[in-house]
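Chemist: My questions will all concern the structure given below.
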Amino acid sequence: MTEQERQAFISDLSFEGEIEDCEGVFKFTIKKDFDLAAAFEGIYDPAADPPIQRIDLAYRIADQMVWYTMGLDFGPQPGMLDHMQRVFPLSDRERECLKEKLDGYCLHQTGMSLLEYGILHWSEDDGPRPTLTDLTAPTRLEQPAARSMADIDLMEWFAIQCVDQMVQDIQSRVTPEEWEKIVAEAEQAEELGSDLPDFMDLSM
């Protein structure tokens, strides 16, 4: 897609279904009412990949932040232990646009703004429940990037997602027997002191 086409694609996205509360994160389901192959060119190939079952967008309540990617969920596949998933990266401008759309959808579904609904579903893991006034300060997305522990955790989570996607792509292209052999060889190499990354555990 060109930049103009991509902007139009993001602006035209809409949502459906309930807002899922996943312990400090809201998950919204994006309607699949557009050309999936064109929108996700290079990520999704309808001729080679199974149908996309769901497209979701995550919103971190404590940070008032739309996540850095949209998730493409292909559902359970033969020989795989978990759902086959891929990600579609989003720019800061696209995330801000989507945040406004999520706010409108939340207001339509619940009668509350995204901020108000987030307070209602606040996770104790994120500290004491704040007031609406507490959360009206500039969001993380609007502030200069800071090298805080929270930022490092987010970067690590994103890296894990990318590695996990790589593992799932490999697993989808081999037979269950070949996959078991790959896992066994990786575990053996790790026992021998190899510096291989621990991505095998992330998909198990």
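The values are calculated or read from the model by the stated rules, or taken from the named source; none is laboratory data. No experiment lies behind these values; they were computed from the predicted model shown. Here the Cβ positions follow ideal geometry from the backbone for every residue, glycine too, while neighbour counts run over all protein chains shown. Please note that ligands, DNA and RNA were not included when accessible areas were found on the heavy atoms of the full protein model with its side chains. Shrake-Rupley method; radii C 1.70, N 1.55, O 1.52, S 1.80 Å.
Chemist: Within segment 50-86, take every residue that is among the polar types (S, T, N, Q) and closer than 30 Å to GLY127 by Cα and give me the one that is nearest to the chain's Cα centre (by Cα).
Modeler: THR69
Chemist: Let me ask something additional. Tally time: how many residues in segment 84-95 are in contact (Cβ under 8 Å) with a residue 24 or more places away in the chain and either touching a Pro at 6+ places or on another chain (Cβ under 6 Å) or not in a strand (DSSP E or B) (or both)?
Modeler: Residues in segment 84-95 being in contact (Cβ under 8 Å) with a residue 24 or more places away in the chain and either touching a Pro at 6+ places or on another chain (Cβ under 6 Å) or not in a strand (DSSP E or B) (or both): 4 in total.
Chemist: Can you name the residue in segment 21-37 that is touching a Ser or Thr at 6+ places or on another chain (Cβ under 8 Å) and either in a helix (DSSP H, G or I) or open to solvent by 70 Å² or more (accessible area, probe 1.4 Å) (or both) and is also nearest to MET65 (Cα to Cα) among such residues?
Modeler: Ranking the qualifying residues of segment 21-37, first place goes to GLU23.
Chemist: Out of ARG86, ARG6, I need the residue that is open to solvent by less than 20 Å² (accessible area, probe 1.4 Å), touching a helix residue (DSSP H, G or I) at 6+ places or on another chain (Cβ under 9 Å) and either of a type in the set (Ser, Thr, Tyr) or more than 27 Å from PRO128 (Cα to Cα) (or both). Which one?
Modeler: Within the list ARG86, ARG6, the selection yields ARG86.
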